Amino acid sequence: MSLRISILSRPLIKNSFIYVVTDGINKAIPFLLLPIITYYIIPSEYGLITNFNVLVQILSVFCYSSTLAALPARFYRLDGEQIKKYVSNMLILNTLITILVLFLLLLFNQFIEVKLKISLLFQIGAIILVWSASITNVNLVLWRCEERAFAFGKYQISQSLLNAITTIVFVIICLLGWKGRVYSYIFSSFVFGLFSLFLLRRKGYLELSISKDYIKQILYFGIPLIPLAISYWFKSGFDKIIITDLCGMAENGLYSVAMTLGAIVTMVLSSFNGAYGPYVFKKLAYFDESTNSLTNEKRQLVKLTYGFIALMILLIFIIYWISYAIIYFVYDFSYRESVKYLPYIMISQFFYGGYLMFVHYFYHCSKTKILGIVTFLLSVAQILLAYFLIKNIGAVGVVIASALISFLTFVFVMVYAMRIYKLPWLNFKAGKIYK
């Protein structure tokens, strides 16, 4: 498979625009439901929904999210038949891991119920959701790598519409409260997981032959990422457990609403990264194979990186004030205290966006082990710092800790990425390329 690809920024901008628009519609659907949900669900019940999502996040770390990261990194190095076999082995591996995690869940279900207030029934529902999501995400990653942005967007929007419709039925019509919202998550994920399985089978991605080499490659790539994935969970999940324990379920609900608004930034950044990631992988593969210096192409990639970081500042400033207005003028009065979390959440989001600009170099150079170790240690430090700050200044301490650790993570990833892949990072204007 030839890796010599003419890489222009125009396809990147086009695909980024499609991802941002379609993902924006996708995220807007549940977002528009939020004012209605906050009318039917009080903050303490919203905290229970949040804790269910916390459980889903940590289960996803072990069941599929770490191994899934291997697919885009390998996609451009394998031919069509190899990719099909690689995907099949990934699906088999993820299913086997999910079954193992289910047994562990049954073993520790009482501990989970005490900490998250989630019963065994909903814990099993979380496993079903995660297994379904593992299949759907393989399908979506393939579409990203194939640069089929429209197919990707339509699929996500359809799933969100089903989620929204079932939420209206369960929460508003059947008056099931927070349980109705959780039922809608599980149902929509399961339906689209089965649909993704059908699509993958139709494209020839389901084979029962197991390749030990591919399994080893996936595990070798994915296992070092588990600490990294856990670090993400520490930043977006474990904090909610701490707030629940120290400040109560209602405060967890307020914090979660503010985080939902901050997720608007995450949505935009992730949508852009859906096009930017494959673009960088193809560009770096082209650099590696070429015998020419490619001075201009390398300089353009550096300029593009810095340019997008600058645009993030404007984006986050705008979203902050929009979020502030939404809390005050759209949501129920009981959620107004959520605004105290917004400034620190937006700062954290900015550094997360900067992190996304540089993390692909770790994947390309197979430096996932050092990435996982450092981010995991920083995340542990965040939990300890958050616990100390919450005890001394209240729940807002959790977002202060998050902002600080996000900054340190960004600095590490940026500096180390500049070391492991030599581009004119600090002198691109002069065009000097490091050897």
Exercise. Quick one: S402, S379, S158, S366, fewest Cβ neighbours within 10 Å first, how do they rank?
Worked result: S366, S158, S379, S402
For this session: Rounded to the nearest 0.05, what FRET efficiency do S334 and V396 give with R0 = 22 Å and r taken as the Cβ-Cβ distance? Could you check?
Result: 0.75
Exercise. Taking a quarter of the surface of the convex hull around the Cα atoms of segment 9-420, what do you get in nm²?
Worked result: 19.2 nm²
Exercise. Of V399, V413, V191, V21, how do they rank once you tally other Cβ atoms within 10 Å and put the fewest first?
Worked result: V21, V191, V413, V399
Exercise. How would you classify segment 108-221 from its alpha-carbon gyration tensor, with a ≥ b ≥ c the square roots of the eigenvalues: rounded for a/c under 1.5, else prolate if a/b is greater than b/c, otherwise oblate?
Worked result: oblate
For this session: Describe numerically, in nm with one decimal, the distance between label points set 7 Å from Cα along Cα→Cβ at D213 and at L377.
Result: 3.6 nm
Seminar exercise, completed: note: segment 137-193, Cα-Cα separations exceeding 12 Å make up a percent value of 66 percent
Exercise. What distance in nm separates the simple spin-label points at L121 and V411, each placed 7 Å from Cα in the Cβ direction?
Worked result: 5.0 nm
Exercise. In what sequence do W178, W321 fall when counting other Cβ within 10 Å, fewest first?
Worked result: W321, W178
Exercise. With respect to the cross-link table entries K340/K391; K282/K422; K84/K369; K283/K422; K216/K282, which display a Cα-Cα separation exceeding 20 Å?
Worked result: K84/K369; K216/K282
Exercise. For I223, what is the net charge nearby, where nearby means another residue's Cβ is under 11 Å from its Cβ and Lys, Arg count +1, Asp, Glu -1?
Worked result: +2
Problem set entry | Debye log10 I(q)/I(0) at q = 0.11, 0.15, 0.17 Å⁻¹ for segment 214-373, Cα point scatterers | -0.59, -0.95, -1.10
Exercise. Give me the Kirkwood hydrodynamic radius of segment 339-435 in Å, from all C-alpha pairs, to one decimal place?
Worked result: 14.8 Å
Exercise. Excluding T305 itself, what net charge comes from residues whose Cβ is under 12 Å from its Cβ, given Lys and Arg +1 and Asp and Glu -1?
Worked result: +4
Problem set entry | Selected from F317, F152, F272 as most flexible by GNM, with the chain as the system and alpha-carbon contacts under 10 Å | F317
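Here, each number is a calculation from the coordinates, and none is a lab measurement. Remember, predicted model here, so these are calculated numbers, not experimental data. Neighbour counts are summed over all protein chains in view; Cβ atoms, including those assigned to glycine, are modelled from backbone coordinates with ideal geometry.
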